[in-house]
Amino acid sequence: MTVAPATADPLAIVPPEVAADAVVIHDETVAARNPWTRVIAAGDTLTMVDVGGNQAVDFLVYDAHDTELRYSAPDTLQGQDTIYLTTGSVLRDAEHGPLMTVVADTCGRHDTLGGACSKESNTLRYGHHTRAQHACVENFLLGGSRHGLGKRDLVSNINWFMNVPVDPDGALGIVDGISAPGLAVSVRAERDVLVLISNCPQINNPCNGFDPTPVRVIVTRA
Amino acid sequence: MTTATTAGAKAHAREQERAAAAELPRVLHPASAYAGDLPPGVSAGDLVWAETVPPGGYTSLVVAAGTRLRVRDTTGNGCAHLLVFHADQPTERLNVADTVKVQWQAFLTAGHLLLSDQGRALATIVEDTADNSAAAPRHDALFGTSTLARNVERYGSGDVFGPSPAGRELFALAAAKHGLTRRDLPPSVTFFEGVSVSDAGRPAFVGSSGPASITLAAELPLIVLLASTAHPLDPRPEFTAGPLDVVAWPGAPTAPGDPAWGATPEGRRAYENSTAHRRTSGADR
Ligand SMILES: [Zn+2]
């Protein structure tokens, strides 16, 4: 596993179109398997860097002032002509309003369908023996609980850097990733938003290359 | 007829049922008065519910574990938007991401389960008469329902009391009848209007195969929210919806020995989780 040193200049890591004329507001490495939350001010850009390669970053976003207005996968898909996310994609809330926009993406495409892993769904996918394993929903619940959010506030999320193709017959699944060490995706807040991240701890499928690794989160202001 | 007095207003109110007798009743009392087709082995006398949800309308039902719920698009223009919640603990609800991921399949049809966020089967699709094919799925688990904002943009109106009600507005009302709010509304599934997805990930509206029905078996006690409105990707410029015929009758949840129980390992484990939960919670009572 190659891990970029956290001391590396963050403006050398974020995509150049984000780095131009930007100042760094926040720079942090989220350890493997951990949650992370932060309010991102309107206009600021969050860049997520896949430090070790093929690390799924499970992601939910809420209007910071009215968390009932939260990310909606269906509304996001209704507003574009592909099931994947990449530069130009608008992350929409459940009333169809824009929350964030993808402004740079060196990975290419990201998942909107697979949702988060959970201890409970792991029992269906891999067997009852996996119930004890840590999972993204645990991270969402822990991170959300620090902002007054609970189970009712969790919905189908984004999986940055995760590869979920849909075959023409509807068959879908998490397959080997297309990301690599150092690839990054940047999302600009269209209003003040609260972001919940789970650095996915899944070890039963290829979403993390069977080896959860850190991700770097960098907030910039233009 | 005067309504200027209490006696006049009462007489006027009581006249309305008789005056409407020629119209199709929206909820039949008793349900055994239902005159439509029923599957083999089910007679009108078995029914516990019979209702017609008008285009642009909604309904909600609380059903016991085991209940069979059939939703029929009688015209080929219907689109049924569905949400299901565990009736005893509605924070547990339909999770479409888990539903498609766990079953390795985005296009739902007979044999598929509707999964909750707690690794349990909420319901099984036990019947589907729509003409599904790989190239032309007739149900959709990816694109959710319509919103007020988008229906205003597309049709000029999305109000529930207008000509083109938005699905989320209908769901908000249906949910409120059970003490639930917009916060409780996750992405929904739709029946009878399909969307295909190309190799490149591009969606294409497939639409309906004509009149069809689906039947759900409740694996847990459920709150069912059902909205009848246009599919959010329906490209037709005019708002298109149809009536939905809803009937319910008692049954048993999926059990060991039923063909569905062992059809897939993922489904079997979901049934195991649901069965254990019914036993510990007393929902089998
Ligand atoms: Zn995960």
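Inspect all residues belonging to the range A:74-97 and state whether any of them is within 11 Å of chain B (Cβ to nearest Cβ), within 16 Å of the ligand (Cβ to nearest atom) and not hydroxyl-bearing (Ser, Thr, Tyr).
Let us first name the residues in the range A:74-97 that are within 11 Å of chain B (Cβ to nearest Cβ), namely A:74-86, A:92-97.
Remaining after also requiring within 16 Å of the ligand (Cβ to nearest atom): none.
Among the residues of the range A:74-97, not one is within 11 Å of chain B (Cβ to nearest Cβ), within 16 Å of the ligand (Cβ to nearest atom) and not hydroxyl-bearing (Ser, Thr, Tyr), which makes the answer no.
Here are A:199, A:204: which of them is in contact with a helix residue (DSSP H, G or I) (Cβ under 9 Å, 6 or more places away or on another chain), within 12 Å of the ligand (Cβ to nearest atom) and at pLDDT below 95? Full working, then the answer.
Numbers: A:199 fails: at pLDDT below 95.
Only one candidate passes the filter, namely A:204.
Which strands (runs of 3 or more DSSP E) sit wholly inside the range B:37-138 and have at least 2 residues that are touching a Ser or Thr at 6+ places or on another chain (Cβ under 8 Å)? Working first, answer last.
Working: elements: B:49-53, B:58-63, B:68-73, B:80-86, B:113-115, B:121-128.
The qualifying strands (runs of 3 or more DSSP E) are B:49-53, B:68-73, B:80-86, B:113-115, B:121-128.
Just for the range A:135-144: of the residues that are in contact with a helix residue (DSSP H, G or I) (Cβ under 9 Å, 6 or more places away or on another chain) and more than 9 Å from the ligand (Cβ to nearest atom), which one is nearest to residue A:62 (Cα to Cα)? Spell out the reasoning first.
To start, the set of residues in the range A:135-144 that are in contact with a helix residue (DSSP H, G or I) (Cβ under 9 Å, 6 or more places away or on another chain) comprises A:135, A:137-138, A:140-141, A:144.
Those left that are additionally more than 9 Å from the ligand (Cβ to nearest atom): A:138, A:140-141, A:144.
Working: A:138: 18, A:140: 13, A:141: 14, A:144: 11 Å.
So, considering only residues that are in contact with a helix residue (DSSP H, G or I) (Cβ under 9 Å, 6 or more places away or on another chain) and more than 9 Å from the ligand (Cβ to nearest atom), the one nearest to residue A:62 (Cα to Cα) is A:144.
Might you check whether a residue that is more than 13 Å from residue B:219 (Cα to Cα), out of contact with any helix residue (DSSP H, G or I) (no Cβ under 9 Å at 6 or more places or on another chain) and more than 14 Å from every other protein chain (Cβ to nearest Cβ) occurs anywhere in the range B:84-92?
No.
Here are the criteria: (1) surrounded by fewer than 24 Cβ atoms within 10 Å (Cβ to Cβ); (2) away from chain B (no Cβ under 12 Å); (3) in contact with a Ser or Thr (Cβ under 8 Å, 6 or more places away or on another chain); (4) not aromatic (Phe, Trp, Tyr). Tell me which single one residue A:43 does not satisfy.
(3)
Of all residues in the range B:222-270, which are more than 25 Å from residue B:60 (Cβ to Cβ), among the aliphatic types (A, V, I, L, M) and touching a residue at least 24 places away in the same chain (Cβ under 8 Å)?
If the condition is that a residue be more than 25 Å from residue B:60 (Cβ to Cβ), among the aliphatic types (A, V, I, L, M) and touching a residue at least 24 places away in the same chain (Cβ under 8 Å), then B:260, B:263 are the ones that fit.
Being more than 11 Å from chain B (Cβ to nearest Cβ) and either assigned to a loop (DSSP other than H, G, I, E, B) or away from the ligand (no atom under 15 Å from the Cβ) (or both) is the filter here; which residues of the range A:145-161 pass it? Write out each step before concluding.
The initial filter retains those residues of the range A:145-161 that are more than 11 Å from chain B (Cβ to nearest Cβ), namely A:145-148, A:160-161.
Across the range A:145-161, the qualifying residues are A:145, A:146, A:147, A:148, A:161.
In the range A:9-37, which residues are on the phi < 0 side of the Ramachandran plot and not hydrophobic (A, V, I, L, M, F, W, C)?
Going residue by residue through the range A:9-37, those that are on the phi < 0 side of the Ramachandran plot are A:9-20, A:22-32, A:34-37.
A:9, A:10, A:15, A:16, A:17, A:26, A:27, A:28, A:29, A:34, A:35, A:37 - these are the residues of the range A:9-37 that are on the phi < 0 side of the Ramachandran plot and not hydrophobic (A, V, I, L, M, F, W, C).
The values are calculated or read from the model by the stated rules, or taken from the named source; none is laboratory data. Predicted, not measured: the structure shown is a model, and the values here were computed from it. We place every Cβ from the backbone using ideal geometry, glycine too, and count neighbours over all the protein chains shown.
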